[in-house]
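The values are calculated or read from the model by the stated rules, or taken from the named source; none is laboratory data. Here the structure is a predicted model, which means the values were calculated and not measured. Cβ placement follows ideal geometry from the backbone for every residue including glycine, while neighbour counts extend to all protein chains displayed. Ligands, DNA and RNA are excluded from the accessible area calculation, which covers all protein heavy atoms including side chains. Shrake-Rupley method; radii C 1.70, N 1.55, O 1.52, S 1.80 Å.
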Amino acid sequence: MRYFFLLFFSISFAQQSQKVDFKTLHAILLPNQIEKSISGEVKYEFQVLSSIDTIAIDAIRMDFSNVKINGKTVNFKNSQKALQLFEGFKKGKNTLTFNYKAIPKQTLYFIGEGENLQIWTQGQGKYTSHWLPSFDDVNEKIIFNLSIEFDEKFTVLSNGKLKNINNNSNIKNWNYQMSKPMSSYLVMMAIGKFTKQTTKTKSGTPLEFYLDQKDANKFETTYKYTTQIFDFFEQEIDVKYPWEIYRQVPVRDFLYSGMENTTSTIFSQDFVVDDIGFNDKTYINVNAHELAHQWFGNLITAETGKHHWLQEGFATYYALLAEKELFGDDYFQWELYEMAERLQQASKTDTIPLLNEKASSLTFYQKGAWALHYLRKNIGAENFQKAVKNYLKKYGFKNVNTTNFLKEVNAVSNFDTATFQQNWLEKSGFQVNQALDLLKKNAFMKSYLELVQLQPKPFEEKSALFETILKSNDFYPIKEEVIFQLAEIPFEEKEQLLNLALASNNIKIRQAVSRIMIEIPRNFQSEYETLLNDDSYITKEIALGTLWKLFPERQEHYLNLSKNWVGFNDKNLRILWLTLALISEGYEVNNKVKFYDELLDYSSSKYESSIRQNSLTNLLYLNPNDQNILQNLVNATTHHKWQFTLFARNQIRELIKTERHKKFFQDMLPTINSAEQSQLKRLLEN
């Protein structure tokens, strides 16, 4: 009987959006960094379309009070998963008001403290209901208006236009308003010590760029090409940006690369780069991907997970089209090729097709993008643009499925969409031959693929071609492939080609040389040392480590040269330098303790997970018996970022294979907090 009731309620809840239309939410929210909680006053305006017994609002582990419908106090049920209402509403327009409080275990994150505090949300999929009473069903679209009260020293961001800021002593109330509806998972909040720059697009949309105040000199390199990408999308998609404003903000320890919250993208601090970092890693692709979602995902939203490719495949493909506009067709084809290689490799074990809610991220994103590329090439760019435009116009601010899109394709072309759906969307694996046929139509890719086929050939049969390629103006990946094919060739035979590569002054080609040189002859040492001067944090890291290892008599010179290097956001160069300084005999002996303490400090909870992981990796190599390191490793298992906790758990699993370390961790149990105890006990018991 109980099972029947739960099943009945689940079915009823799924049908709620057909009987109740929630129009707007107005909320006054108070985040509390001390309690790591959020509370607020919420007002929902909704319309009952037809008779319904219970109305439910998703709300995970929340407390409610002052629940009123149409101004009258009503009884309610709090299941700890939903606020359930069963009286007081009538057919037609209704107003619901209530107070709530939650201490979310996920989705709302409090990072750092004091001046370094950041608060941000990540509601991807169906998780906003952990911090805001809302709707896990993406088909329920609402106009959200949030007012957020917080310390006046901080900047507060949310969805929509900032209507005003009200001051109340040392507290500010930031009032944001949307004018169009969206799914709940796209609601956001971000709070921090941010600095801001603004501009406008060709069509007049205001753009707001935010950075942590300490990164104020990195706006140009972090947000490079943003305006051009925006203008390109409006031209290529041929549908005006559907919202009133667009802003972007990086936050520390974000769970993913970025999240396309409506009007307000949050992205990872790791993409905040300076002039040198820009040469190795940029925000451009993620930037374009999240912006494309403002149309594909936010304006129109897949009605179920089965059709998730309509969001991620489109965003991935349009990001590639934006990069094609910026960097040319060869770049575009190269990115498609690398995707195809990943998909072909993954297809050996990944058998879930694209049109399936359980498909992998690689499938949704990259196979989805390839499916669209195949479709676009077969129906023509103009027809593809017409179909996409009609699709967006017809279903704007609504939910869609794959049939909706393919109908628009059928309306502008005679293309066989049924076969396309069967081969690209419903079959497992990757259509390698069809992909290669398209790639080979590009002259650069044709030459590259022919070069790859030469890998097993003797060096003397291809050395002349290698020289020709390295002297050419060809796109860099073909020159990289030449360098990689030199890896096993004796130095005397490849020396001239290596010198040609280094003389190119191309960062990517010179970096390829740094990667293949496991041994460096004395007569090539000075040439290899020039890599230390490259404007690349990756090249500097490879070259420093290689030279330090191969030429011990020059270790002091290399360490003095790199003493002030820091590197990326994860401090890759600083952490490498500290490690090398510690294990270099006789180097600044009096400062060894200071170096070790700095490296140990980077493994603590004061820093982002990327810094901590780099530090812990090196510390475990240097001194795996230091209980300070082991304690920081255990603390890492409680971190909110799953990638970091997985690293920490795997490290502990390896360590406890020895009785000595197992005892270290067992003795540690009484000294650590309950969350750490829970994680460590689980690892020790398995």
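Projecting the alpha carbon convex hull of the range 1-152 along each direction and taking the average yields 9.7 nm².
Projecting each Cα onto the charge dipole of the chain (Lys/Arg +1, Asp/Glu -1 at the beta carbon, about the Cα centre), which of Q677, A322, H130 comes out farthest on the positive side? In the chain, that residue is H130. Bin all alpha-carbon pair distances of the chain at 20 Å intervals from 0 and give each bin's fraction as a whole percent. Final binned percentages: 15, 44, 34, 7, 0. Based on Cα atoms of the range 255-380, Rg over Rh with Rh as the Kirkwood radius reads 0.97.
Normalized C-alpha radius of gyration of the range 457-600, against 2.2 N^0.38 Å? Kindly include the intermediate steps, with their values, before the conclusion.
Values: Rg = 17.2 Å, N = 144, 2.2 N^0.38 = 14.5 Å.
Cα-based Rg divided by the globular estimate yields 1.18.
Here, the range 597-686 has an Rg and a Dmax of 11.8, 34 Å when only alpha carbons are counted.
At 0.36 nm per residue, and after removing the present C-alpha to C-alpha distance, how many nm does the segment from T24 to S203 gain when stretched out fully?
Details: separation 179, 0.36 × 179 = 64.44 nm, distance 2.79 nm.
So the extension gain works out to 61.7 nm.
Taking Cα atoms only, the orientation of helix 476-485 departs from the longest principal axis of the chain by about 50 degrees. Using heavy atoms of the protein chains and a probe of 1.4 Å, the accessible area assigned to S179 is about 60 Å².
Between S604 and R515, what length comes free when the chain is fully extended (0.36 nm per residue of separation minus the Cα-Cα distance, one decimal in nm)? Mind dumping the intermediate values first?
Numbers: separation 89, 0.36 × 89 = 32.04 nm, distance 3.12 nm.
Value of the extension gain: 28.9 nm.
Size descriptors for the range 147-306 (Cα atoms only): Rg and Dmax, in that order, 15.7, 50 Å.
How much of the DSSP beta bridge set in the chain is antiparallel, as a percent to the nearest 5?
Details: 73 of 92 bridges.
Beta bridges within the chain, antiparallel portion: roughly 80 percent.
Between E426 and L622, the contour length at 0.36 nm per residue exceeds the alpha carbon distance by 65.5 nm. Computed from label points 7 Å out along Cα-Cβ, the spacing between N32 and I165 is 2.5 nm. Taking the range 496-517 and a reference point 7 angstrom along Cα→Cβ of E341, the backbone N atoms nearer than 14 Å belong to 512. The GluC sites (Glu not before Pro) of the range 38-99 that DSSP puts in a loop, and whose beta carbon has at most 14 other beta carbons within 10 Å, are E87. Ranked by the mean number of other Cβ atoms within 10 Å per residue, highest first, peptides 260-270, 144-154 order as 260-270, 144-154. In this structure T402 has an accessible area near 0 Å², from a 1.4 Å probe over the protein heavy atoms.
With the cut-off at under 14 Å, measuring from each backbone N in the range 386-414 to a point 7 Å along the Cα-to-Cβ line of K180 picks out 389-399. Cα centroids of the range 637-657 and the range 192-227: 36 Å apart.
Spin-label pair K457-K196: with each label point 7 Å from Cα along the Cα-Cβ axis, the two points sit 6.0 nm from one another.
For the range 401-455, applying the loop criterion from DSSP together with a ceiling of 11 other beta carbons within 10 Å to the trypsin sites (Lys or Arg not before Pro) yields K441.
Assuming R0 = 25 Å, can you tell me the calculated FRET efficiency for the pair N650 and D597, based on Cβ-Cβ distance, to the nearest 0.05? Write out the running numbers ahead of the final one.
Numbers: r = 26 Å, r/R0 = 1.04.
Efficiency for this residue pair is about 0.45.
In this label model, N378 and L362 are separated by 2.4 nm, measuring between points 7 Å along each Cα→Cβ vector. Taking the alpha-carbon centroid of each part, what is the distance from the range 123-180 to the range 462-522 in angstrom? Cα centroid to Cα centroid, the span is 53 Å. Separation of the range 561-626 from the range 350-368 is 40 Å, based on Cα centroids. Within the set of other residues whose C-beta is less than 11 Å from the C-beta of F76, count the net charge using Lys and Arg as +1 and Asp and Glu as -1. Spelling it out: positives minus negatives among the neighbours equals +1. Solvent-accessible surface (1.4 Å probe) assigned to S413 amounts to roughly 20 Å².
Rg(Cα) of the range 409-458 divided by 2.2 N^0.38 Å?
Working: Rg = 15.9 Å, N = 50, 2.2 N^0.38 = 9.7 Å.
Here the Cα radius of gyration is 1.63 times the empirical estimate.
Cα axis of helix 537-550 to longest principal axis of the chain: angle in degrees, 0 to 90, nearest 10? That helix lies at roughly 40 degrees to the long axis.
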